[in-house]
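The values are calculated or read from the model by the stated rules, or taken from the named source; none is laboratory data. Computed from a predicted model, the values in this text were never measured in an experiment. Neighbour counts run over all protein chains shown; Cβ positions are idealised from the backbone, glycine included. The protein model used for the area step is the full one, side chains on, heavy atoms only, and it has no ligands, DNA or RNA in it. Shrake-Rupley method; radii C 1.70, N 1.55, O 1.52, S 1.80 Å.
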Amino acid sequence: TPPATGTTILAAAAAAAAAALGGGGPRGALLRMAPKRSPYWSESGRQAKRDREEEAAYSTATARSVVANLLDWWDAGHRSLPWRRESPAADREAWAYEVWVSEMMLQQTQVDRVAPYYERWMKRWPSVRALASASEDEVKAAWTGLGYYRRATYLLEGAKQIAQTSMPRSKAEWMRIKGVGAYTAAAIASICRDERTPVVDGNVIRVLARHRAVLEYDDKTWWRLAGQLVDDACERPGDANQAVMELGALVCTKANPSCATCPIAASCLGRADPVAYYPLARDAKKTAKRRDLLVCVLQRATAAAASAADDFRDSEFALLRTPDDAKRLAGLWLFPHCPLDATDDLQPPLRDLLTRLRLDDATVLRQTVCSPPLKHSITDTRYDIHVVWLLLLHSPAPSIEGDDGAGQLRWRREVDLPGFASSSILLKALNHARRHASRDSPSP
């Protein structure tokens, strides 16, 4: 095990900086020491970077020892997940499809949330060719609730691309598929084809940064370090890659890492300092934007349901398809909605919305403003969703037509809603309206 010289220097520097800066603790000292701009603009800075990279690099002996310990830990017991195989699959193309689907779903999404979606997906589209025959609406409907719907579109487009050619085998071939980046391509190729190529995601970066006491380098550094673990001598690159990711997910976690149970703790250069120092946090995220949105749950009652305003089963709901070029939620079916500039009076925008839908002459049996507003987040935007429930008397109101389907208004029963490609906003708003309809329903 190499001596932890880097961490000794780091600890001494942190202590000296803390004293010079009047305290604030070693973490504060490290943050104050961190340059606001890249220190590598000069030749001396670039040389210093090269020197630190050389110090952090794995020797061949250390890399093999680390991989051996990781594989022993992996073999002793890892999570059983629907897309994992305990032994190599006989049909590697089918296996690659499974890993591809799982990796696309896992982007920006937690494992527990992905598992049921994955199982339903594979039951419906068990092969690339089965997926290639699906429609975009069907794929987005199956994706409803996972968010980041572009991933579903990429899977469909990629499946059509593969169906016309052949299943990729290498990382390079996978990166030619629509929506597949370096990480996903490397994961599939290493797991399913034993290609000696590293993977780098947030978990891997955290493990490498702590194990090699690296505060902050560029992405090339992480790929270089990860590649040193799956070199030409690595016989199980797929398992080695999965072991590093599993270690970051379960043991070397962002907060409260469990160093006592870590299989590579003995060679960890970051243990001389609290390992949570590594890696240095990136610049703070941009302040989330806040928006107000009016969502109108338009319920069209049948004659039988007109006397039972809270009966959602025997009535229809208005769905509006967002344009394919919309910035958010493109091509999805939602309740009619519009942005709000002010929330003190919802009636003017509500009237404008009904006029646009050609429903301004409809007879309104019930109207309820559902308070408080719902909370919903899409990437860096936080929405306050103001739900208004309207029960309309049944009328043959025309649908709004569009040449490409955008802007279409359709009336559908609640039982039909799961078949539409929609956002989770739709179900949130429906349940919010249902609670208020039941609570505010007049007594018989």
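Does Thr261 meet the test of being surrounded by fewer than 20 Cβ atoms within 10 Å (Cβ to Cβ), closer than 22 Å to Leu81 by Cβ, out of contact with any Leu (no Cβ under 7 Å at 6 or more places or on another chain) and without any contact (Cβ under 8 Å) to a residue 60 or more places away in the chain?
Criteria met by Thr261.
More than 25 Å from the chain's Cα centre (by Cα) and in a loop (DSSP other than H, G, I, E, B): does that describe Asp361?
Considered against the rule, which asks whether it is more than 25 Å from the chain's Cα centre (by Cα) and in a loop (DSSP other than H, G, I, E, B), Asp361 comes out as yes.
Kindly list, by first and then second residue, each pair from a residue in the range 362-379 that is in contact (Cβ under 8 Å) with a residue 60 or more places away in the chain to a residue that is open to solvent by 70 Å² or more (accessible area, probe 1.4 Å) and of a type in the set (A, V, I, L, M), limited to pairs with Cβ atoms under 7 Å and residues at least 6 apart or on different chains.
Close Cβ pairs satisfying both conditions: Leu365/Leu393.
How many residues, within the range 344-366, are more than 26 Å from Pro418 (Cβ to Cβ) and either charged (D, E, K, R) or surrounded by 13 or more Cβ atoms within 10 Å (Cβ to Cβ) (or both)?
Going through the range 344-366, the residues more than 26 Å from Pro418 (Cβ to Cβ) turn out to be 344-352, 354-356, 358, 360-365.
Filter again for either charged (D, E, K, R) or surrounded by 13 or more Cβ atoms within 10 Å (Cβ to Cβ) (or both), leaving 344-346, 349-352, 354, 356, 358, 360-362, 365.
Going through the range 344-366 one residue at a time, the tally reaches 14.
Hey, could you check the range 228-258 for residues that are closer than 26 Å to Pro88 by Cα and of a type in the set (D, E, K, R) and say which is most open to solvent (accessible area, probe 1.4 Å)?
Selected residue: Glu235.
Of the residues in the range 130-140, how many are crowded, with 19+ Cβ neighbours inside 10 Å and more than 21 Å from Gln164 (Cβ to Cβ)?
Adding up the residues that qualify gives 1.
Would you confirm whether or not the range 266-278 contains a residue that is part of a loop (DSSP other than H, G, I, E, B) and surrounded by fewer than 19 Cβ atoms within 10 Å (Cβ to Cβ)? Please lay out each step first, then the result.
Going through the range 266-278, the residues part of a loop (DSSP other than H, G, I, E, B) turn out to be 268, 273-274, 278.
Still in the running and surrounded by fewer than 19 Cβ atoms within 10 Å (Cβ to Cβ): 274.
So far as the range 266-278 goes, yes, one or more of its residues are part of a loop (DSSP other than H, G, I, E, B) and surrounded by fewer than 19 Cβ atoms within 10 Å (Cβ to Cβ).
What number of residues within the range 79-108 are part of a loop (DSSP other than H, G, I, E, B) and open to solvent by 50 Å² or more (accessible area, probe 1.4 Å)? Give the derivation first.
Going through the range 79-108, the residues part of a loop (DSSP other than H, G, I, E, B) turn out to be 79-91, 107-108.
Now drop any that are not open to solvent by 50 Å² or more (accessible area, probe 1.4 Å), which leaves 79-80, 82, 85-88, 90-91, 107-108.
Total meeting the criteria: 11.
Here are some residues: Pro339, Pro373. Which one is open to solvent by 30 Å² or more (accessible area, probe 1.4 Å) and out of contact with any Leu (no Cβ under 7 Å at 6 or more places or on another chain)? Even if it seems obvious, please write down each step before you answer.
Details: Pro339 fails: out of contact with any Leu (no Cβ under 7 Å at 6 or more places or on another chain).
When all the criteria are applied, what remains is Pro373.
Could you pull out the residue among Val67, Val99 that is aliphatic (A, V, I, L, M), touching a Leu at 6+ places or on another chain (Cβ under 7 Å) and under 15 Å from Asp239 (Cα atoms)? Step through it out loud before you land on a result.
Values: Val99 fails: touching a Leu at 6+ places or on another chain (Cβ under 7 Å).
It is Val67.
Filter the range 392-424 for residues that are touching a Ser or Thr at 6+ places or on another chain (Cβ under 9 Å) and aliphatic (A, V, I, L, M); which is modelled with the lowest pLDDT? Outline the logic, then answer.
The first filter runs over the range 392-424 and keeps only residues touching a Ser or Thr at 6+ places or on another chain (Cβ under 9 Å), leaving 392-395, 406-411, 413-414, 418, 420-424.
Still in the list and also aliphatic (A, V, I, L, M): 392-393, 406, 409, 421.
Details: Leu392: 85, Leu393: 79, Ala406: 41, Leu409: 78, Ala421: 77.
So the residue we want is Ala406.
Could you tell me which of the residues Val66, Val111 is modelled with pLDDT of 95 or more and either over 33 Å from the mean Cα position of the chain (by Cα) or surrounded by 10 or more Cβ atoms within 10 Å (Cβ to Cβ) (or both)?
Numbers: Val111 fails: modelled with pLDDT of 95 or more.
Only one candidate qualifies: Val66.
Does any residue in the range 141-164 that is open to solvent by 10 Å² or more (accessible area, probe 1.4 Å) come within less than 9 Å, Cβ to Cβ, of a residue that is among the aromatic types (Phe, Trp, Tyr) and not in a helix (DSSP H, G or I) six or more places away or on a different chain, and which pairs are these?
What qualifies is Ala141/Trp333; Ala141/Phe420; Ala142/Trp125; Thr144/Phe420.
When the residues of the range 256-289 are narrowed to those that are more than 30 Å from Thr197 (Cβ to Cβ) and more than 20 Å from the chain's Cα centre (by Cα), which ends up modelled with the highest pLDDT?
Among those that are more than 30 Å from Thr197 (Cβ to Cβ) and more than 20 Å from the chain's Cα centre (by Cα), it is Ala260.
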